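All remarks here apply to the structure that follows.
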Amino acid sequence: MKKLFLLVSALTLATACAAPETPAPSANANVSSSPAAVAMTEAGAIANEKAIWDSIKAKDYVAFGNMLAPDQIEVTGEAVNDRSQTMTTVKDFEPTEVNYSDWKFMSIDKDTYLITYTVDMKGKYKGKDFPAQSGRASSAWVNQGGKWLATYHQESPVKAAPALPTAKKTPAATAAASPAAPAPVPATGSDPSANEKIVWDLFKAKNYDGFASLLDPAFIEVESDKVYDKASAVEGVQGFDASKAVLSDWKSVTLNSKTALTTYVAKVAGMPGDGERHATIWVERNGKWVGLFHQGSTPVTKPSAAAPTPAASVSPKPAASPKGATSPAAAKTP
């Protein structure tokens, strides 16, 4: 059942990020100069997201593909799909009922925005019915050539936050001893994967103030249990044991000259399964690269011929922190 949700999520992601069967723009479209676009509104962003879902329900894959960026990616439990993979897998997904709630819109800049929401769905996967599923979904859109295109999508199953392994407590320091000053926080840059590794090193060092200094005031983290703001994300990661966390399968996408996304698999000792897929968006603000968005709680699953579970394709955090099985905010992970 869980796999069904994951595959559905992957397909969903594909819907929001998949590419059409018509010729795609050049792979460098995201970084090329685009005609000025009117800043996106929340109403417009919601309309775009619903249009993608409607194209999938109608099996209009040409329309679906025309709403995807050439370098679009979809983060699912089974894999991180590129545009062509999204276009292939979406055809196995047949949603019959889709309902939305909890919309949250964030304008990253004039040519980039992020939309998050909860989606409840029913339908078929490879011709077989799957039970009602609920997931927390996120999509990033970019203006390319004056047209808004979906470039990233991810889902995490809606559920309570998992119990995470906590760091072992050490004996209280003697009155004479004074706490060591935290090491300086390394400088971040345009490489989102390098920035994310800095965050995890801060978790391991329990330098939560340093972690907070790398987050934009508007930072949000989407996890299976809820959506966290900056303060709750920083508070949530404290006590999370990241000392033996293993990060792998890195992939980065440049959205524009001042916005980049990285995805990876995080596995923490003591957590069940094969880890979680996380994604973080980093942006340049006043000359400094900071974390703006993070989603984790997307359980890693193995490809299966059986119908995937939508909830499985939806997963949790770390974008600036590891929480669930591998993201701080939920544990807490941003």
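The values are calculated or read from the model by the stated rules, or taken from the named source; none is laboratory data. Source: prediction; values computed, not measured. Note that each Cβ is placed from the backbone with ideal geometry, even for glycine, and that neighbours are counted across all protein chains shown.
Side notes on the structure shown:
- Within region 107-139, the residues that satisfy the criterion of being farther than 21 Å from residue 51 by Cα and acidic (Asp, Glu) are 109, 129.
- Residue within region 237-258 that is assigned to a loop (DSSP other than H, G, I, E, B), out of contact with any Ser or Thr (no Cβ under 7 Å at 6 or more places or on another chain) and either buried (at least 24 other Cβ atoms within 10 Å of the Cβ) or in the same structural domain as residue 143 (by TED's automatic domain parsing) (or both) present: yes
- Within region 210-233, being of a type in the set (A, V, I, L, M) and either within 15 Å of the chain's Cα centre (by Cα) or not in a loop (DSSP other than H, G, I, E, B) (or both) holds for 212, 215, 218, 220, 222, 227, 231, 233.
- Residue in region 54-66 that is of a type outside the set (Gly, Ala, Ser), at pLDDT 95 or above and in contact with a Leu (Cβ under 6 Å, 6 or more places away or on another chain) present: no
- Among the residues here, residue 88 does not qualify as farther than 19 Å from residue 292 by Cβ, at pLDDT below 95 and not assigned by TED's automatic domain parsing to the domain that holds residue 220.
- None of 118, 76 is touching a residue at least 12 places away in the same chain (Cβ under 8 Å), within 29 Å of residue 273 (Cα to Cα), surrounded by fewer than 24 Cβ atoms within 10 Å (Cβ to Cβ) and not assigned by TED's automatic domain parsing to the domain that holds residue 295 except 118.
- All positions within region 259-269 that are assigned to a loop (DSSP other than H, G, I, E, B) and surrounded by 21 or more Cβ atoms within 10 Å (Cβ to Cβ): 268
- Any hit, region 315-332, residues being at pLDDT 50 or above, out of contact with any Ser or Thr (no Cβ under 6 Å at 6 or more places or on another chain) and within 29 Å of residue 110 (Cα to Cα): no
- Selection status of residue 188, modelled with pLDDT of 95 or more, under 26 Å from residue 79 (Cβ atoms) and either touching a helix residue (DSSP H, G or I) at 6+ places or on another chain (Cβ under 9 Å) or assigned by TED's automatic domain parsing to the domain that holds residue 107 (or both): no
- Looking only at region 97-138, and only at residues there that are under 16 Å from the mean Cα position of the chain (by Cα) and basic (Lys, Arg), the one that is farthest from residue 224 (Cα to Cα): 104
- Residues of region 52-67 that turn out to be crowded, with 20+ Cβ neighbours inside 10 Å and within 16 Å of residue 151 (Cα to Cα), as a count: 4
- Residue 312 touching a strand residue (DSSP E or B) at 6+ places or on another chain (Cβ under 7 Å) and either assigned to a loop (DSSP other than H, G, I, E, B) or at pLDDT 95 or above (or both): no
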